[in-house]
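Structure, as structure tokens:
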Amino acid sequence: MKRCWSQLHLSTCVVLMFVAGTLLWVNMTPVSPTQPPQRPDIPAHLTTTEREIETLKHEIAVLRWKLNTQPRWGWPCTAIEYGYKHSYKILSPLNLRGVSIDGVSTWNWWAVAINVGSAFGICACVAALCELLTRRRETRKSTLNADAVAPAEIPR
């Protein structure tokens with residue numbers, strides 16, 4: 001019996017489930033271009049003020065990294081970029097506790113449309129390939145079974 005072109009096999013649906021899950025994972029995982037700076041080992045022989053200066057240098061490096069690094073989401077196009085809006089309230093040269101950094105997200109709707117379209121296209125190609133292979137196997141199986149079980153002619 002011939003199947004309708006829109007009817008999918010269960011195995012095709014399982015494969016599509018894994019493909020769609022992978023595409024969602026790729027699109028939902030944030031991509032950050034670099035790693036934050038690591039805290040340096042501060043020698044014990046330094047005075048308290050020198051230790052504070054080294055700690056503040058590290059805090060400034062982390063703040064610069066946060067301001068210059070924008071995590072992104074989306075594949076193949078960047079659909080969301082997360083940037084930072086900052087304001088400084090430096091109370092004294094050795095006190096950076098008044099720095100505030102607020103996150104701002106920017107959506108690119110054309111990139112979202114391209115990402116959704118490419119995900120549907122990839123799923124459609126995978127479905128077509130799986131169905132082609134499955135239906136080819138079914139046709140081959142039915143041909144072999146029809147040849148093996150051909151009824152013998154009864155002489156009259």
**OP:** Would you mind checking which residues have amide H under 5 Å from ALA79's amide H? H placed 1.01 Å from N; only 5 or more apart, or other chain.
**Re:** TRP73, GLY74
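Compactness ratio of segment 1-65: Cα Rg over 2.2 N^0.38 Å, N = residue count?
Numbers: Rg = 26.9 Å, N = 65, 2.2 N^0.38 = 10.7 Å.
Normalised Rg, Cα atoms only: 2.51.
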Original post:
Counting only the backbone N, which residues of segment 3-44 are under 20 Å from the spot 7 Å out from the Cα of ILE114 toward its beta-carbon?
Top reply: 23-33
Subject >> Where labels lie 7 Å past Cα in the beta-carbon direction, separation of LYS66 and ARG140 in nm >> reply: 6.0 nm
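Any read-out appearing in this document is the output of simple, stated calculations on the displayed coordinates, not a laboratory observation. Nothing here was measured: the structure is a model prediction, and the numbers come from that model. Glycine gets a Cβ as well: all are built from the backbone with ideal geometry, and neighbour counts include every protein chain shown.
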